[in-house]
1. From 75, 88, 108, which residue is over 22 Å from residue 29 (Cβ atoms), modelled with pLDDT of 95 or more and out of contact with any strand residue (DSSP E or B) (no Cβ under 7 Å at 6 or more places or on another chain)?
2. List pairs: first residue in region 59-75 and more than 14 Å from residue 125 (Cα to Cα), second residue modelled with pLDDT of 95 or more and part of a strand (DSSP E or B) anywhere in the structure, Cβ distance under 6 angstrom, at least six positions apart or on different chains.
3. Is there any pair linking a residue in region 112-128 that is on the phi > 0 side of the Ramachandran plot to one that is in a loop (DSSP other than H, G, I, E, B) and modelled with pLDDT of 95 or more, with Cβ under 9 Å and at least six apart or on different chains, and which?
4. Out of the residues in region 1-14 that are part of a loop (DSSP other than H, G, I, E, B) and modelled with pLDDT under 90, which is nearest to residue 121 (Cα to Cα)?
5. In region 15-29, which residues are modelled with pLDDT of 90 or more and either in contact with a strand residue (DSSP E or B) (Cβ under 9 Å, 6 or more places away or on another chain) or part of a helix (DSSP H, G or I) (or both)?
6. Taking region 72-130 as the search range and keeping residues that are farther than 14 Å from residue 37 by Cβ and touching a helix residue (DSSP H, G or I) at 6+ places or on another chain (Cβ under 6 Å), which one is surrounded by the most Cβ atoms within 10 Å (Cβ to Cβ)?
7. For region 44-108, please list each of the strands (runs of 3 or more DSSP E) lying entirely inside it that holds at least 3 residues being within 15 Å of residue 118 (Cα to Cα).
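The values are calculated or read from the model by the stated rules, or taken from the named source; none is laboratory data. The shown structure was predicted, so the numbers you read here are calculated from the model rather than taken from an experiment. Neighbour counts run over all protein chains shown; Cβ positions are idealised from the backbone, glycine included.
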């Protein structure tokens, strides 16, 4: 993580050809929320779901003291992943911590549900009451 990631930066520099060029480094959207999500929800065992070339997911199981999360990322179209999280996540309501998705996701009796993300985006799903 670097200062321009959070706050942006613009400057001029010389290229290899000696000409001056302008460099603009925009703020990375929602980086502060992603940092907070990692601090609050990235606990427990990580499980990877890399079964599609443009949409991946991972889950963090959480611990007795700290909650876990489900992260879905797409570098293409809208994405979704159906994940079996286990009985300890049965009948839980989840929300997108980043606010990119407005719907809620509810796991079934086995702790399975389909989690979504927008095209070219990321969603961090957390249990609603956390």
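1. Only one candidate qualifies: 108.
2. Qualifying pairs under 6 Å: 74/55; 74/117.
3. Listed by first residue and then by second, the contacts come to 120/75; 120/76; 120/77.
4. Taking region 1-14 as the starting set, the residues that turn out to be part of a loop (DSSP other than H, G, I, E, B) are 1-2, 8.
So of that shortlist, the ones also modelled with pLDDT under 90 come out as 1-2.
On the way: 1: 19, 2: 21 Å.
Among residues in region 1-14 that are part of a loop (DSSP other than H, G, I, E, B) and modelled with pLDDT under 90, the one nearest to residue 121 (Cα to Cα) is 1.
5. Within region 15-29, 20, 21, 22, 23, 24, 25 qualify.
6. 107
7. Working: elements: 46-49, 55-60, 69-74, 79-84, 93-96.
Answer list for region 44-108: 55-60, 69-74, 79-84.
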